[in-house]
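The structure under discussion appears below in the form of structure tokens.
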Amino acid sequence: MILLSKLRWKTLAAIGGGAGVILAGGLLLTGDAQAAQAIPLPTVKIGMEASNSPQDVATSLQILFLMTILSLAPAILVMMTSFTRIIIVLSFLRHALATQTMPPNQVLIGLSLFLTFFIMAPTWNQINQDALQPYLAGKLQQQEALDKAAQPIRTFMFKQTREKDLALFVNLAKAPRPKTYRDIPTFVLIPAFAISELKTAFQIGFLLFIPFVVIDMIVASSLMAMGMMMLPPMMISLPFKLLLFVLADGWYLVVQSLILSFN
């Protein structure tokens with residue numbers, strides 16, 4: 001009995017000690033929470049209020065215009081730069097090799113983006129030099145800066161756009177016959193540039209397919225001559241395609257051809 005009583009007292013003491021630790025921890029956490037509540041936290045408020053001057057309204061419209069431009073940035077990057085041609089050609093190359101998802105889409109899109117930055121770097125440098133920096137320095141008004149920023153991009157698109165495509169959209173827009181490139185509106189130039197890029201990309205993709213189709217035909221004919229009709233030709237031709245592509249340094253040739261096609 002004495003032994004049981006001692007065990008009970010030890011158990012109660014242990015429970016009491018644990019409760020004390022928990023209580024002390026709770027007090028510490030409470031103290032930390034109160035200290036954290038004492039620290040002021042910043043808040044962000046978005047709302048509409050009455051303006052006191054027309055300048056406030058103009059500033060709000062400029063912010064709204066900037067947000068609109070940022071929302072259209074992906075479309076501008078895709079349709080008004082070299083990105084369209086590059087990603088289509090690389091996709092054709094992957095299908096010609098018949099490697100299914102290798103390289104994966106993330107790699108192709110990343111490579112296309114960096115090649116786009118490389119090709120468009122002179123154009124963007126000119127925009128920064130002629131439009132952005134003078135505007136930030138207060139030497140140009142907003143409309144003047146936009147006009148100067150559009151000129152290098154328009155020059156790039158005109159170099160890659162076929163006159164036939166330009167004539168198509170000028171006629172569809174029922175615009176007066178332009179005498180110079182300056183007379184062609186930007187909303188007419190952009191779709192003409194897009195379909196020209198698509199045509200050029202498909203032409204390059206067709207040329208990429210030719211050597212790999214020849215390999216497929218040779219392998220299929222050889223398997224049929226040997227009576228191995230149950231063996232898929234793609235299983236045999238794939239290693240030969242990869243071997244040809246690696247020995248010819250295919251990535252070097254494809255990237256070089258893509259960059260030179262914009263010069």
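Lysine pair count for the stretch 104-263 (Cα-Cα distance under 28 Å; residues 8 or more apart in sequence or on different chains): 14.
In terms of packing, defined here as the mean over residues of other Cβ atoms within 10 angstrom, the peptides 92-98, 121-127 line up highest first as 92-98, 121-127. Semi-axis lengths, largest first, of the ellipsoid equivalent to the stretch 168-207 are 25, 9, 8 Å, with √(5λ) applied to each eigenvalue of the Cα gyration tensor. For the stretch 129-137, the Karplus equation 6.51 cos²θ - 1.76 cosθ + 1.60, evaluated at θ = phi - 60°, returns couplings of 6, 8, 10, 5, 5, x, 5, 5, 7 Hz by residue, with Gly and Pro reported as x. Dividing the convex hull volume of the alpha-carbon atoms in the stretch 127-263 by its residue count gives 171 Å³ per residue.
Order the peptides 180-190, 146-156, 219-229 from the highest to the lowest mean number of other Cβ atoms within 10 Å of their residues. Provide the component values of the computation, followed by the final result.
Working: 180-190: 13.9, 146-156: 16.7, 219-229: 12.4.
So the peptides 180-190, 146-156, 219-229, ranked by packing, come out 146-156, 180-190, 219-229.
No value in this document is a laboratory result; all are computed from the given coordinates. Every value quoted in this text rests on a predicted model; they were computed, and no experiment measured them. Positions of Cβ are backbone-derived with ideal geometry, glycine not excepted, and every protein chain shown enters the neighbour counts.
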